[in-house]
Amino acid sequence: MNSIYIDAHLSDDARRQALYEGKIFVNTSTLATENFCQFTSDLIREAFDPLDPERAQWELPVEKFVDILKELKPRFIHHPQSKIYIQHILETSGCDMEKTYFDVPRLRTSTSSNYLTSGIAYAFHPHRDTWYSAPMCQVNWWMPVYEIEDGNGMALHTDYWDREVPNTSDKFRYSEWKRNGRKNSATNVKTDTREQPGPTVAIELDSQLRLVTRPGGVIMFSAAHLHSSIPNETGKTRYSIDFRTGFDHEDAPEAACRGWFVGLVKNRTKTQKLILNWLSRPKCRDVLTVYLLG
C-alpha cells in the first residue's frame, strides 16, 4: 500500500527515500509555484489572445490550435525564466541545491472530447517514465496551471507500483525519439505514428488514483510509478506543468547516460568537473545539457 503525504515536513533525504519507495507527495501551492503558474498563464493567454485558452478549442480548427501550441510550448520550455522559477521552487521545497538536478519543464495540454489527443497534445496511455529511458532516480513534479477537476487531471495506477508490467520499452530508442519523435509531434494531428513504449497487457483502470489540486499545487512521485492522462470530457482544455529532478550520488553519471536531465548546481567548478566526467563517456555525449544558475 502506498501512502500520500500532504505538505509533509520531511528532510530532502527522507522525502526522496519515501518517493523511491512509492510514496506520493502533494504540496499545496506556495508563492514560488503560484508565480510560475502566473508566468505560464501569461504566456498561454498571450498565445491564444483574444480567446479563453481553456475553451479556445471550441473556437478554432484543430490545425490552428496545433499551430499555436507549436510556438507556445518551445517558448515556454526554453524560456530563461522557466528555469529560474524551477530553481526557486526547488529551493523553497527544501531540496539540496548542490546535489539536485532538473529537466527543462514541459507544458502539457489535455483537450476535451477527443478534440486533439495525439502529437503535441498527446493523451498518455498508462506508462512508467522509466520505459522512456528516464533514470531510476528520477522524481516527477506535476502541477496544474488553472483549476482542474477529477475528469481532466492525471491518474496514478498505484496498484502496479510493485507489479511487473510487460511492455514494449525494448523497442524504444531515446536517440531516435530526440532526433524525430519530439520534432515531429506537431505533424501527428489525427493519429500518432511515433514509436512509444506501452504495456502489452490490459491495465486495470478502476483502482486509479486521481489527485485534484489547486493551481500551483504540486504532485510528486517516482518515475517508476505507472501513470496516465485522464480522458478529458470536462469541456475545458487542461494546462499543466511538469518537470523532473534527480539527485547527485555516486551513480549519477550512469543515471545521466540513461536519462535526460539538465543540471542545477550552484557550484560552477563542480559542474564543470561533472561535465568533463560525463562527456568522457561516449554514450553521454548526446544527452547532457547543464544550465548554470546561481
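Below are the figures for this structure:
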quantity	calculated
Proxy reagent accessibility, fewest Cβ within 10 Å first, across F25, F172	F172, F25
Neighbour-count order for K73, K99, fewest beta carbons within 10 angstrom listed first	K99, K73
Rounded to whole Hz, the Karplus (6.51, -1.76, 1.60) HN-Hα couplings of the stretch 107-117, x for glycine and proline	9, 9, 10, 10, 7, 8, 6, 6, 4, 8, 10
Reach of K64 by Cα under 20 Å, taken over aspartates and glutamates that are not fewer than 8 positions away in the same chain	D42, E46, D49, D52, E54, D192
In order through the stretch 71-80: 3J(HN,Hα) via Karplus (6.51 cos²θ - 1.76 cosθ + 1.60), integer Hz, x for Gly, Pro	8, 5, 5, x, 4, 5, 4, 9, 5, x
Given K83/K171; K73/K236; K70/K99, the pairs whose alpha carbons are separated by over 24 Å	K83/K171; K70/K99
Semi-axis lengths, Å, the stretch 1-138, gyration tensor of Cα atoms, sqrt of 5 times eigenvalues	31, 19, 14
Under Karplus coefficients 6.51, -1.76 and 1.60, residue-wise ³J(HN,Hα) of the stretch 53-70 in Hz, glycine/proline x	x, 6, 10, 4, 4, 7, 10, 10, x, 4, 5, 5, 4, 4, 4, 5, 5, 4
Taking F76, F36 and counting other C-beta atoms within 10 Å, the order from fewest to most	F76, F36
Sum of side-chain charges, L60 neighbourhood, beta-carbon under 12 Å (Lys, Arg +1; Asp, Glu -1)	-2
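Every number in this text was worked out from the coordinates using simple rules, so none of it is lab data. Every value quoted in this text rests on a predicted model; they were computed, and no experiment measured them. Cβ: placed from backbone, ideal geometry, glycine included. Neighbour counts: every protein chain shown.
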